[in-house]
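Here's the structure, in structure tokens; my notes come after.
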């Protein structure tokens, strides 16, 4: 039985036991009845983890059943991303390897899934916000998700796919086109799954090709004299996370006639790369962490590093939607990049009236118990290059893990006073 079929079987069992119709469940999941039918038949897979979590709650799943369902989704999602299984003839630090239920000794299985979370409150829209937005409303329904600040998934006897930590060059959710000095050149999009790199001295963005990041997924080994131990962690970084899966804004130098329609969230990295766009006003970053050794790793704290502050460029703001949202506010770490010494401040969330506790350190992570950290950075006064340092400790030593975008800093720019454009669906063009 394939991973998708196993996931569909668990969904059918929970639905039958819960006694809810497809129509009722579809409304609670903010999706269509036909889509839910496809999930339960194994013909499609939810793109977001929050849909799985909401389904388990609606069906009254126990904690153990929810864990089994979540793990089945992780395996199926990893298989979908990896594509058809292929043999791996030689070790390589960066290839995507097909799931292996029996990882070889010394290498822990890890998962590079991209969990979905809900987002911060939607921003107020200009006048075009009140125009017809049927397509955007559908995107908001599909993305109405349960916020997850800390996620630990365990289930004995079930394998986890082993994938190398992918990375993409670029500055601040950027790809091949890097930012230039003095804030005169924009950033470009990065691959959806980035990689955290070991701490390095802050550097200003450059226009040349990005250096290959140092993989953070290697098994821990005895450090050489005078060197810090290798981090026994694998990190997958998502830097193009939109509020509620549809609400975000980018700064771009190009005029509205030269900018294509807004993409869906999954295609945002490529869209931003092509437009050489910068996150406008705020940026949400999600980091999924797995241990790479046999033991657990303790996460002790998160520090914010601002490498550069520049005057925000006088570009146009392009809103990705005409408004969306719901009754979910995630628990996360909030960062004010304008502060002299920015801190990662834990903030509680809300799930349709139910309080979601704020995340707190220390946290425990292992190969079988991943942790998802969500960070929301905002700025109203600077074009900022920034990164995060995650402090960790384990039986083999302690150190810090640099969270950035493939070896380059994340980039977020203020956008106050800039022309704001939204995409007018009825006109098929950007409009103010």
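Just so you know, all these numbers are worked out from the coordinates, no wet-lab data involved. Remember, it's a predicted structure, so these values are computed and weren't measured experimentally. Glycine gets a Cβ as well: all are built from the backbone with ideal geometry, and neighbour counts include every protein chain shown.
Data for the structure
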read-out: Fully extended contour minus Cα-Cα distance, from residue 264 to residue 380, at 0.36 nm per residue; value: 39.2 nm
read-out: Cα convex hull volume per residue for region 265-392 (Å³); value: 148 Å³
read-out: Gained length - residue 16 relative to residue 80, 0.36 nm times residue gap less alpha-carbon distance; value: 20.4 nm
read-out: Sorted peptide list for 63-76, 404-417, criterion being average Cβ within 10 angstrom, highest first; value: 404-417, 63-76
read-out: Residue 24-residue 62 FRET efficiency (beta carbon distance; Förster radius 22 Å; 0.05 resolution); value: 0.65
read-out: Label-point separation in nm, residue 393 to residue 33, each point 7 Å along Cα→Cβ; value: 5.7 nm
read-out: Sorted largest first, extent of region 3-82 alpha carbons per principal axis (Å); value: 33, 27, 19
